[in-house]
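Heads up, the thing below is written out as structure tokens.
Every number in this text was worked out from the coordinates using simple rules, so none of it is lab data. Source: prediction; values computed, not measured. Cβ: placed from backbone, ideal geometry, glycine included. Neighbour counts: every protein chain shown.
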Amino acid sequence: MNILWSILIGAVVGALADYIVKGIDVSLIVKIIVGILGGVIGGWVFGLLNIAAAGLIGELVMSLIGAIILLLILKAIRH
């Protein structure tokens, strides 16, 4: 069940990050991967800054910030 939850959250976060960061068009599979990796990157960044993400909303925000960072890095590499 946790894998399904991670995929669902990853898809939502990836789609939101893709909407926010213009100039990169990715498929649904890539959005899911970006969302899941965004959670890892967001957790790492929040850990460095000593910020705790509590609850579902906190984890969504953390994942969204990580996904945006990842998409900005991909956008810089592509251009």
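Between the labelled values (1) 6.1; (2) 5.5; (3) 5.1, the entry that holds mean projected area of the Cα convex hull in nm² as derived from this structure is (3).
Ranked by the mean number of other Cβ atoms within 10 Å of their residues, highest first, the peptides 3-9, 57-63 come out as 57-63, 3-9.
Cβ crowding within 10 Å, taken as a proxy for footprinting-reagent exposure, orders K22, K75, K31 from fewest neighbours to most as K22, K75, K31.
The sum of -39500 (n - 2.57) across all DSSP H runs of n ≥ 4, divided by the residue count of the chain, sets its helix-only mean residue ellipticity at 222 nm to -28000 deg cm²/dmol.
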